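Read through the structure below, which is laid out as structure tokens, and then see the notes.
The values are calculated or read from the model by the stated rules, or taken from the named source; none is laboratory data. Predicted, not measured: the structure shown is a model, and the values here were computed from it. Neighbour counts run over all protein chains shown; Cβ positions are idealised from the backbone, glycine included. To get the accessible areas, we keep the full protein, side chains included, count just its heavy atoms, and leave off ligands, DNA and RNA. Shrake-Rupley method; radii C 1.70, N 1.55, O 1.52, S 1.80 Å.
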Amino acid sequence: MVTSSDGFGTRRRTKLFDDLLALFLAEGFSHLTLDDMVARLHCSKSTLYTLAASKDELVRRVTIHFFKQATADVEAALARTPAPSERVSAYLDAVGTALSAASEVFMADMNEFAPAREVYEANTRAAAGRVRELIEEGVGAGAYRDVHATFAADLIATMMVRIQQRGVRAATGLRDAEAYAELAALLTFGLRA
């Protein structure tokens, strides 16, 4: 049974992660020291150490927090889209929307910092697997033409990795959210039966 003090501790930790995430999304994290974070969050360094033992671990955990929230938001958007012919597009649009909260500085910092990049890469792999499932569902429902779902998912995963690694931004100037919207539009028309 959770006592009220335990509930407060959990709420406080969640709020700290939320506040750190808001700071990181807006400004990035590479330039921030633990002292900067303490000053900005109006907490003690020992409070931050309850979240993680080092800045590197704190950044990794905040990145995980970001992707957990993003995954929940994406799945909620998907749940509001029952038509099989619209689910891949809805999913990718929701991914783009989730990433649109992140500043360019945050995305660049995440790509340059290996522990955060690994979290992003793991989430990209999971998203590609989810897209494969959605394509298979669409093919099974007759909403999409009979495509090789694993190939289509691999193609999507390749583009998702290029987006994550900043290759699409460099080649096209598109922000990550915009690139996901373009990918969704291309797939929607390419998969239709």
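A few points about this structure:
- Contact order for segment 1-156, expressed relative to its length and based on alpha carbon pairs under 8 Å spaced 6+ residues apart, stands at 25 percent.
- Here the Debye sum runs over all C-alpha atoms of the chain as equal scatterers in vacuum, and log10 of I(q)/I(0) at q = 0.08, 0.09, 0.16 Å⁻¹ comes out as -0.31, -0.39, -0.98.
- Backbone N within segment 87-122 under 16 Å of label point (7 Å from D36 Cα along the Cβ vector): 103-113
- Seen from a random direction on average, the alpha-carbon convex hull of segment 38-83 projects onto 4.1 square nanometres.
- Two-decimal ratio, segment 108-178, of alpha-carbon radius of gyration to 2.2 N^0.38 Å: 1.27
- Counting only aspartates and glutamates at least 8 places from K68 when in the same chain, those with an alpha carbon closer than 12 Å to its own are D18.
- Sulfur and carbon atoms: percent of accessible area, the chain [1.4 Å]: 57
- Mean residue ellipticity, 222 nm, helices only, the chain: the sum of -39500 (n - 2.57) across DSSP H runs of n ≥ 4, divided by residue count and rounded to 500, is -26500 deg cm²/dmol.
- For segment 78-128, the Kirkwood radius over C-alpha pairs fed into Stokes-Einstein at 20 °C and 1.002 mPa s yields D = 174 µm² per second.
- Accessible area expressed per residue, the chain, with surrounding protein chains retained (probe 1.4 Å, Å²): 51
- Against the main long axis of the alpha-carbon atoms of the chain, helix 149-164 sits at an angle near 40°.
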